[in-house]
1. Taking the range 38-92, which residues are loosely packed, with under 15 Cβ neighbours inside 10 Å, touching a strand residue (DSSP E or B) at 6+ places or on another chain (Cβ under 8 Å) and assigned to a helix (DSSP H, G or I)?
2. Is at least one residue of the range 41-50 among the aromatic types (Phe, Trp, Tyr) and free of Cβ contacts under 8 Å to residues at least 12 places away in the same chain?
3. Pairs please, first residue from the range 61-82 and farther than 20 Å from residue 119 by Cα, second anywhere and among the charged types (D, E, K, R), Cβ atoms under 9 Å, 6+ apart in sequence or on different chains.
4. Out of the residues in the range 119-145 that are modelled with pLDDT under 90 and out of contact with any Leu (no Cβ under 6 Å at 6 or more places or on another chain), which is nearest to residue 173 (Cα to Cα)?
5. Any residue in the range 3-27 that is touching a residue at least 24 places away in the same chain (Cβ under 8 Å) and within 17 Å of residue 56 (Cα to Cα) sitting within a Cβ distance under 8 Å of a residue that is small (Gly, Ala, Ser) and surrounded by 15 or more Cβ atoms within 10 Å (Cβ to Cβ)? List the pairs, counting only those 6 or more apart or interchain.
Amino acid sequence: MKEIALLWDKDTLFRRYLSDKGFDCEVVTPGLLVAPFFSFIGYKLIIVQAGFGNELYSRILPGLRANSVPIKNFVKAGGTLLVSGALSNKNAYNWLPTKIEYVMEKRRVKIEAVKEHKAAMIVEKEECMCDGYFKGVEAETEWGVILRIKEEWDKDKKGKVKAILVVLEYGAGEIIATTIHEYPSERFIAYCVGK
């Protein structure tokens, strides 16, 4: 059984990147998701890559919405779900168990750690490309902000966090949402699959 399910509607270079790093990865298409024999049993990590909410890149979003319960059950049972930037300002995250608001804004950013967490290993540099940020994920939400855009705060911005990596503990597992628009580091993927 493969350890990583990459939810996408066709084969992708990301699968090859993961395979080249030594991870067992399988592309799970919308057709496979709805097959009566399909199950997430045996997988350790589900990845939804950047662009999932934009029909120019993928048509996976309807499949994510239709299969939100099995995905949530996978996480509750101890799995990890990695969700990248939607590349769409539409409500592309409404299949997740808890609300999160995404703002599309593609640019190179400097990274600032908000708190320590192994998920921060996703990128191993001080700068990266992001396709946006999550807003409204300060203390009043269940999402824990791990990385944010490092900016000069002025009195008009009132210190609002532009989060680029957030984590939600859900059942025995966790959901990691990021807007970092680069392949995750090998160490991060190893953490997610428990190696």
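The values are calculated or read from the model by the stated rules, or taken from the named source; none is laboratory data. Bear in mind that the values here come from a model prediction, so they are computed numbers and not experimental data. Cβ coordinates were reconstructed from backbone atoms using ideal geometry, including for glycine residues, and neighbour counts include every protein chain displayed.
1. 76
2. There is no residue in the range 41-50 that is among the aromatic types (Phe, Trp, Tyr) and free of Cβ contacts under 8 Å to residues at least 12 places away in the same chain.
3. Going by the 9 Å Cβ cut-off, the qualifying pairs are 61/55; 61/90; 63/9.
4. 141
5. 7/63; 8/58; 9/58; 9/63
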